[in-house]
Amino acid sequence: MTNTTDFFENIQAVLFDLDGTLIDSAPDLGAAADKMRLDRGLASLPMSHYRPMAGAGARGMISMALGLTPDHPDFPALREEFFINYEQCMMKNTFIFEGVHQLISHLEMRHLPWGIVTNKATRFTEPLVRSISLFKSAGAVISGDTTPHAKPHPAPLLEAARRLAVDPTRCLYVGDDERDIVAGLAAGMMTAAATYGYIVQKTDPLQWGAHTTINSPSGLCNCLGYP
């Protein structure tokens, strides 16, 4: 790994994961899951209980709320219940991580294309991205169902590079989960692990094989040589 500016001097586009990288959606994801408990007469659980699994989507949230896994026969119905709950609250307490405004502003000032590649379904990604004015300059927004495969498959990242008309090898992908780094490497991109995101306990991002790690959005500014 390296954090030198020289390493990134040939980058022509930057792609980001969404949840845990650009935005903190854990409060709304946790609220959607906790409502499932309340609706069943169960006691509410603190946000600290849900937060570590926020990056795992419905699978992680339902597991934390009800202790059920995808192999449970009721899981499909529970997943849709969670989705409906989330749709009703997903823009209430979600916020942009500190430093993201500065980072995107630097990319725009340098006319460096950027985009979003998330495993979040389009039904959630599109309204969420539209609600955040900062994201209007994104040149590509790829959801988990945009291509036949979601991350860790490289297809979503390759589609984003295609839409930005940038060679994948000249793209940098930033994400807070190992699957982000696996997908980025498989797509032939430079990769950066965001350690400020939803890092599960006992997980070591240094073992993911990313080209570099950043502990804040401003850390990426430093890597790219921005003051």
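At a glance:
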item	result
Cβ pairs under 8 Å, 6+ apart, first in the range 164-183 and crowded, with 24+ Cβ neighbours inside 10 Å, second acidic (Asp, Glu) and part of a helix (DSSP H, G or I)	Tyr173/Asp180; Val174/Asp180
Meets criteria (of a type in the set (Gly, Ala, Ser), crowded, with 16+ Cβ neighbours inside 10 Å and within 25 Å of Asp167 (Cα to Cα)) for Ala155	yes
In the range 23-72, residue nearest to Phe95 (Cα to Cα) [restricted to those that are part of a loop (DSSP other than H, G, I, E, B) and of a type in the set (S, T, N, Q)]	Ser25
Output for the range 89-100, where each listed residue is more than 16 Å from the chain's Cα centre (by Cα) and either exposed (fewer than 13 other Cβ atoms within 10 Å of the Cβ) or at positive phi (or both)	Lys92
Near pairs, Cβ below 8 angstrom, 6+ apart or cross-chain, from the range 65-78 (more than 14 Å from Met36 (Cα to Cα)) to any residue that is part of a helix (DSSP H, G or I)	Thr69/Arg59; Thr69/Ser63; Thr69/Phe75; Pro70/Arg59; His72/Leu78
Residue in the range 48-63 that is farther than 23 Å from Lys151 by Cα, of a type outside the set (A, V, I, L, M), touching a residue at least 12 places away in the same chain (Cβ under 8 Å) and not assigned by TED's automatic domain parsing to the domain that holds Lys136 present	yes
Residues located in the range 54-81, provided they are hydrophobic (A, V, I, L, M, F, W, C) and out of contact with any Leu (no Cβ under 9 Å at 6 or more places or on another chain)	Ala56, Ala77
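The values are calculated or read from the model by the stated rules, or taken from the named source; none is laboratory data. As the structure is a prediction and not an experimental result, all values here were calculated from the model. Heads up, the Cβs are rebuilt from the backbone with ideal geometry, glycines too, and the neighbour counts pull from every protein chain shown.
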